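S.K.: Handing you a structure now.
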Amino acid sequence: MRNLIAFPLIALAVILQSAVVSRMTLLSGYADLMLILLSAWALQAQVRSAWHWALVAALMVGYVTRLPWLVTAAGYFVVVFIAQLLQRRIWQAPLLAMFSVTIAGTLLMHLMSYAALVFGGSPIPLGDALGFVTLPSLLLNLLFAIPMYAFMRDLAQWVYPGEEVE
Amino acid sequence: MKDLFSRSLQTTIIFLVVGGILALALGGYFSSASNQFTGSLVGVQTWISTRVQALQDFFTAPRDIASLRARNAELQAEVSQLQAQVIDLQQRVNETEVLRALVDFSRSNPESTYRAAAVIGRDPSPFLHYVVINRGSNDGIRRGMPVVTNQGLIGRIDAVIADAARVQLITDPASSINVHLQNADAEAVLIGSVTGDVSLDMISQDVSVEPGDLILTSGLGGGYPPDLIIGQVVSIRSLDVELFQQAVVQPSVDFTRLEIVLVITNFRPVDISPLVPTTTP
């Protein structure tokens, strides 16, 4: 039942992303709050609802963004997949896993966004996209990763109380 | 009778002595003695007063500190409240200045009707240059309507819901606008980029473009009304081996500080796609 926190939390993240984080630019890039949130949530060992959260996030972000909804949804599902994959592999170093998921997720998400926009007719030079958007965004995502991981770890303990984490 | 005489004599002598002393005192003959007397008197009074004041301070000081602390807290609270009011009023002043500029703009362009809207968000993807405004179809906003500020064109409505709309900025990589170079009297195409820079393309090689040339919408294509200010030419890139010249543009609008915008509500974009010739097999 406590999993229903996903709806207000993800809605708040979308609002913060659109109203606040999008204004905190580094060159032309900015952090992706939803991607970090989903990464941190999916990395928690006791969490079993990461796919549901990814779906809710894709629906809400897809409502705001001009990007095709399928790109957003596929990006978030891939992030959750990578997070769960890494969570089993390097569970002893959660922050390393968080950083790895953030890096891989950001690069994949941007690659998919870039491909969708270029195929959609937007002439975006790859060098500009990489240098001015992707790398600055990656740096900002890494900065947000640690506090987000700590927050989501506490949230996971609240949503799944009494479950032992190996 | 003898007693009466002696009393009168005694009284007379006393009056004479006192009167003499007064006369001598008024004449200044007793000044040194009176100074010593008053000086010692003032010294004693000062000593007594100082001790009394010290005792009074000793007994009343704790009460004063407590009351001063309470007063200090009150004043600090009042200062905080006033500072908050100052910030609020400053924000209102800024908003009023922006609105006044927009009103001036709308008055100087009476051929259009405007709907003011606040920018409440941006697209979550950094590859896209879109903003979200707080006016939608309930306010008469429709897809394709141009959006301006008093400084110039910023974009057009891309999508609308009941109480909000998404605006594609002219800096978006997918944005392409037919423009008119005022000084050179030539047509060109303004395109955005992922970095937020805008540039001109499709400038004919035989056109002389200079830095500082004003760029306006041309109205061609029916997507935007004509003569909306976009910016100025900063530099030109002209190569003989290329068909067209390109130019870097400085937009007249600061896109990082968009707060309140105007939607031109009496403009309906023309869909010319049926007129575009298509290749038939």
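S.K.: Residues that are more than 13 Å from chain A (Cβ to nearest Cβ): find the strands (runs of 3 or more DSSP E) completely inside the range B:152-211 holding 2 or more of those.
M.R.: Working: elements: B:152-160, B:165-169, B:176-181, B:186-191, B:198-204.
Correct list: B:152-160, B:176-181, B:186-191, B:198-204.
S.K.: Which ones in the range B:119-151 are under 30 Å from A:SER137 (Cβ atoms) and assigned to a loop (DSSP other than H, G, I, E, B)?
M.R.: Of everything in the range B:119-151, those that are under 30 Å from A:SER137 (Cβ atoms) and assigned to a loop (DSSP other than H, G, I, E, B) turn out to be B:ASP123, B:PRO124, B:SER125, B:PRO126, B:PHE127, B:LEU128, B:HIS129, B:ASN134, B:ARG135, B:GLY136, B:ARG143, B:GLN151.
S.K.: Read through the list (1) open to solvent by less than 70 Å² (accessible area, probe 1.4 Å); (2) more than 14 Å from chain B (Cβ to nearest Cβ), then give the number of the only condition that A:LEU4 fails.
M.R.: (1)
S.K.: Scan the range B:100-110 and give yes if some residue there is farther than 30 Å from A:PHE132 by Cα, modelled with pLDDT of 90 or more and either among the hydroxyl-bearing types (Ser, Thr, Tyr) or open to solvent by less than 40 Å² (accessible area, probe 1.4 Å) (or both), otherwise no. Even if it seems obvious, please write down each step before you answer.
M.R.: Start the filter on the range B:100-110 by keeping residues that are farther than 30 Å from A:PHE132 by Cα, which leaves B:100-110.
Cutting the leftovers down to modelled with pLDDT of 90 or more gives us none.
No, because not a single residue in the range B:100-110 is farther than 30 Å from A:PHE132 by Cα, modelled with pLDDT of 90 or more and either among the hydroxyl-bearing types (Ser, Thr, Tyr) or open to solvent by less than 40 Å² (accessible area, probe 1.4 Å) (or both).
S.K.: May I pose another question? Quick one: count up the residues across the range B:234-272 that are open to solvent by 50 Å² or more (accessible area, probe 1.4 Å), within 14 Å of chain A (Cβ to nearest Cβ) and over 19 Å from B:ILE191 (Cα atoms).
M.R.: 2
S.K.: Follow-up. Tell me, please, whether a residue that is within 12 Å of chain A (Cβ to nearest Cβ), farther than 21 Å from B:GLY221 by Cα and either in contact with a strand residue (DSSP E or B) (Cβ under 8 Å, 6 or more places away or on another chain) or basic (Lys, Arg) (or both) can be found in the range B:139-150. Explain how you work it out, then say what you get.
M.R.: Here is the first cut: in the range B:139-150, the ones within 12 Å of chain A (Cβ to nearest Cβ) are none.
Looking through the range B:139-150, none of the residues is within 12 Å of chain A (Cβ to nearest Cβ), farther than 21 Å from B:GLY221 by Cα and either in contact with a strand residue (DSSP E or B) (Cβ under 8 Å, 6 or more places away or on another chain) or basic (Lys, Arg) (or both).
S.K.: Another question, then. Select from the range B:113-125 the residues that are within 7 Å of chain A (Cβ to nearest Cβ) and either under 10 Å from B:ILE260 (Cα atoms) or touching a residue at least 60 places away in the same chain (Cβ under 8 Å) (or both) and list them in ascending order.
M.R.: Within the range B:113-125, just B:ILE120 meets the criteria.
S.K.: Let me ask another. List pairs: first residue in the range A:75-92 and of a type in the set (Phe, Trp, Tyr), second residue outside any helix (DSSP H, G or I) anywhere in the structure, Cβ distance under 8 angstrom, at least six positions apart or on different chains.
M.R.: Pairs that qualify, where the first residue is of a type in the set (Phe, Trp, Tyr) and the partner is outside any helix (DSSP H, G or I), are A:TRP91/A:ALA45; A:TRP91/A:GLU166.
S.K.: Here's a follow-up. Take the residues in the range A:31-71 that are in contact (Cβ under 8 Å) with a residue 60 or more places away in the chain and in contact with an Asp or Glu (Cβ under 8 Å, 6 or more places away or on another chain); name whichever of them is most open to solvent (accessible area, probe 1.4 Å).
M.R.: Once the filter is applied, the top-ranked residue is A:ALA45.
S.K.: Taking the options A:GLY127, A:GLY121, name whichever one is within 11 Å of chain B (Cβ to nearest Cβ), closer than 21 Å to B:PRO124 by Cβ and either open to solvent by 20 Å² or more (accessible area, probe 1.4 Å) or aliphatic (A, V, I, L, M) (or both).
M.R.: On the way: A:GLY127 fails: closer than 21 Å to B:PRO124 by Cβ.
On inspection, the qualifying residue turns out to be A:GLY121.
S.K.: Which condition breaks for B:SER106 when tested against (1) within 19 Å of B:LEU258 (Cα to Cα); (2) of a type in the set (Gly, Ala, Ser); (3) in a loop (DSSP other than H, G, I, E, B); (4) more than 12 Å from every other protein chain (Cβ to nearest Cβ)?
M.R.: (3)
S.K.: Specify which of the listed residues (B:ARG166, B:ARG142, B:ARG135, B:ARG156) is more than 21 Å from A:SER18 (Cα to Cα) and either open to solvent by 40 Å² or more (accessible area, probe 1.4 Å) or among the basic types (Lys, Arg) (or both).
M.R.: On the way: B:ARG166 fails: more than 21 Å from A:SER18 (Cα to Cα); B:ARG135 fails: more than 21 Å from A:SER18 (Cα to Cα); B:ARG156 fails: more than 21 Å from A:SER18 (Cα to Cα).
Selected residue: B:ARG142, the only one of B:ARG166, B:ARG142, B:ARG135, B:ARG156 that is more than 21 Å from A:SER18 (Cα to Cα) and either open to solvent by 40 Å² or more (accessible area, probe 1.4 Å) or among the basic types (Lys, Arg) (or both).
S.K.: Follow-up question, since we're still on this one. Can you name the residue in the range A:80-118 that is among the polar types (S, T, N, Q) and in a helix (DSSP H, G or I) and is also nearest to the other protein chains (Cβ to nearest Cβ) among such residues?
M.R.: Initial filter on the range A:80-118 (among the polar types (S, T, N, Q)): A:84, A:87, A:92, A:100, A:102, A:106, A:113.
With the extra rule that they be in a helix (DSSP H, G or I), the set shrinks to A:84, A:87, A:100, A:102, A:106, A:113.
Values: A:GLN84: 23, A:GLN87: 25, A:SER100: 21, A:THR102: 15, A:THR106: 11, A:SER113: 5 Å.
Checked the range A:80-118; the qualifying residue nearest to the other protein chains (Cβ to nearest Cβ) is A:SER113.
The values are calculated or read from the model by the stated rules, or taken from the named source; none is laboratory data. On a predicted model such as this, the values are computed, not experimentally measured, just so you know. All Cβ positions, glycine included, derive from the backbone under ideal geometry; neighbour counts span all protein chains shown. Protein only, heavy atoms only, side chains kept; ligands, DNA and RNA dropped before computing areas. Shrake-Rupley method; radii C 1.70, N 1.55, O 1.52, S 1.80 Å.
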